[in-house]
Amino acid sequence: MEELYIYMKHRGNKIRFYPALTMLEMVIAIAIMAIVFAVSVPQLRALHNSWDSKAGNAETLQNGRVLKDHLQRNLSSATRITAVSGQADTNGYIEFLNNDANSVRYDVNSATGYVQFGPVGNPADLAGPVSQLRFTCYDAIDLDTPITDVNSIRFVKVETTLSNSADLGRDMTIATQAYIRTNALPAPGGGISKLSVPWTEFDIINGQEPVLVNMIGTKYLCTYRGDRDDGWACNLTVNTTDWSIVATSFLEFDTKSGITPSVAGIKDSHALCAYQGDKGDGFACIIFEKIPGTLQRSVPLEFDTADCIYPVLSKIYTQGYDHHFLCVYFNNASSIRTLVLTASITDTVMQLTDGPTTSFTCDLVCQPALIRIDDTHHLCAYRGSNLRHWAVILTVNPSDWTVSTETPFEVTPSLYAYEPALARIDDTHYLYALTSNIGQGCVAVITINTSNWTITKDTAYDYYQFSEAASNIELCQIDSTSFLCAYTGGGSGLATIFTINPGDWSMSHTAPFTFETSFCSEPVLFKVDDTHYLCAYAGLDNDGYVGVLGLSGGIMP
């Protein structure tokens with residue numbers, strides 16, 4: 001083949017020749033490059049797809065773990081199923097009452113395809129996206145035949161398929177199951193027993209006005225009025241084998257005054273405590289366990305510089321790192337004050353802020369009771385005009401955290417008011433317990449109209465008297481029709497079980513059980529499970545005692 005030369009004329013009229021590529025050589029070179037690219041590109045694409053697939057699988061696996069743990073944990077602690085989809089529904093839902101008697105729901109967000117969870121009417125995306133969410137429910141005896149009767153459901157299976165975002169990724173199907181604890185409810189007429197005798201004396205000097213809240217697992221925080229009226233807290237760890245209790249991690253959260261503390265859980269091992277502090281002013285702090293076995297507190301917030309008597313707390317909701325609580329208290333000026341406290345918690349910051357205060361009229365010193373209805377509405381019981389028992393809905397405005405008062409309702413016009421207590425029956429009915437001016441223990445059912453937030457009384461009678469001598473009444477829900485009540489009667493500590501008939505709202509109660517014969521003041525209850533309840537009180541010489549009340553008398557199927 002002849003060589004191709006390019007010649008150029010240089011200075012001095014000399015001609016120099018340079019070799020060049022022929023057209024054939026250029027074609028061959030381009031062909032070789034094309035072959036190399038054709039071989040390399042699929043390999044690069046395979047590497048990209050492999051990486052994309054692994055990333056998609058990891059993300060799907062993490063979403064699956066989050067969703068499975070969340071479903072199992074929350075369904076296992078449900079106290080009652082209220083609504084559920086059928087087995088054939090691939091975009092299913094389930095509604096139930098959680099341990100705090102709040103109505104919550106799992107379903108699929110039609111817009112995002114994510115599984116969402118939260119209060120009925122206000123859920124938030126949890127994990128996803130998913131292509132199916134299926135609930136299959138059974139009773140306690142037949143685990144082969146699915147049912148949808150909410151009164152018989154004792155076992156729930158959940159199956160969901162998470163979509164993989166990778167092009168070549170495979171969708172993941174996860175399954176979990178939960179046993180609904182209502183299967184262990186005591187049968188009607190069941191009895192009350194005192195477990196782990198002797199009970200634990202958690203403070204041998206002064207344990208007045210105890211309040212309980214669950215921290216995490218079997219550990220409970222107890223705040224109380226301790227020696228010299230200072231504010232104290234300790235951890236109570238429950239042994240679920242023999243139901244013994246160990247008190248540890250004592251913290252003096254206020255060295256000047258900690259009268260009538262109220263406590264509410266924030267998250268994990270964090271709780272909000274509001275109390276009457278130095279000079280009768282209103283204070284609040286966050287009590288937490290960052291180091292296991294050691295309780296600590298945040299810098300206290302003085303939210304009222306005048307008076308704060310009998311503060312009570314009710315959680316509103318959580319927004320990111322901010323946890324909002326409604327605080328209600330008597331201000332020693334014939335009025336009840338309300339405000340919103342916000343606990344902001346991150347890995348590096350922990351602080352409290354307060355919103356504007358509002359007030360409404362009451363008579364003399366009032367010890368209010370407070371319970372959450374939904375994100376922006378809370379039911380408050382108090383001593384109102386003419387010293388009678390009243391109830392009112394408090395509405396929270398999330399835009400500026402102001403609190404407004406709906407129309408008050410006089411619960412028992414014939415009885416004077418002392419120490420009311422509240423418990424949720426369902427979304428629109430609440431149990432109102434009270435002490436009359438002659439020491440009678442009475443209860444009534446009140447009805448909430450969620451359209452206009454008015455209160456009425458839809459009951460078989462004006463009120464139901466369960467004791468001729470009762471004070472310091474405390475209520476704790478067992479299930480939708482049964483409630484455990486602890487109170488002081490003739491100086492002793494007594495407990496009874498109320499049973500409500502939803503047909504006409506009539507009531508009955510079991511014979512009172514004496515859990516403390518010598519002296520009992522200010523008993524409080526906290527639900528461990530459906531048949532075990534933590535009970536703390538101030539005993540002889542105002543020492544602090546705590547133990548477990550057990551319910552027995554048969555098992556419901």
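Here are the numbers:
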| item | result |
| --- | --- |
| Count of residues meeting criterion [touching a residue at least 60 places away in the same chain (Cβ under 8 Å) and assigned to a loop (DSSP other than H, G, I, E, B)] in the range 474-501 | 3 |
| Members of the range 105-136 that are surrounded by 15 or more Cβ atoms within 10 Å (Cβ to Cβ), more than 24 Å from the chain's Cα centre (by Cα) and hydrophobic (A, V, I, L, M, F, W, C) | Val130 |
| Single condition Ala101 does not satisfy, out of (1) part of a loop (DSSP other than H, G, I, E, B); (2) at pLDDT 80 or above; (3) not charged (D, E, K, R) | (2) |
| Qualifying residues in the range 250-279 (those that are basic (Lys, Arg) and not in a strand (DSSP E or B)) - the one farthest from Thr223 (Cα to Cα) | Lys279 |
| Positions within the range 424-462 being within 19 Å of Arg383 (Cα to Cα) and not in a strand (DSSP E or B), in sequence order | Ser436, Asn437, Ile438, Gly439, Gln440, Lys457, Asp462 |
| Some residue of the range 28-36 being at pLDDT 65 or above and either touching a strand residue (DSSP E or B) at 6+ places or on another chain (Cβ under 8 Å) or among the hydroxyl-bearing types (Ser, Thr, Tyr) (or both) | no |
| Residue that is modelled with the lowest pLDDT, among those in the range 406-423 that are buried (at least 20 other Cβ atoms within 10 Å of the Cβ) and either touching an Asp or Glu at 6+ places or on another chain (Cβ under 7 Å) or in a loop (DSSP other than H, G, I, E, B) (or both) | Ala417 |
| From the options Thr514, Thr531, Thr488, residue that is in contact with a Leu (Cβ under 9 Å, 6 or more places away or on another chain) and surrounded by fewer than 17 Cβ atoms within 10 Å (Cβ to Cβ) | Thr514 |
| Every pair of residues 6+ apart whose Cβ atoms lie under 8 Å, when the first sits in the range 349-361 and is in the same structural domain as Leu394 (by TED's automatic domain parsing) while the second is assigned to a strand (DSSP E or B) and of a type in the set (Asp, Glu) | Thr357/Asp304 |
| Any chance Thr402 is surrounded by fewer than 22 Cβ atoms within 10 Å (Cβ to Cβ), assigned by TED's automatic domain parsing to the domain that holds Phe325 and either small (Gly, Ala, Ser) or out of contact with any strand residue (DSSP E or B) (no Cβ under 6 Å at 6 or more places or on another chain) (or both) | yes |
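The values are calculated or read from the model by the stated rules, or taken from the named source; none is laboratory data. What you see is a predicted model, and the numbers here were worked out from it, not measured in a lab. Please note: Cβ atoms are built from the backbone with ideal geometry, for glycine as well, and neighbour counts cover all protein chains shown.
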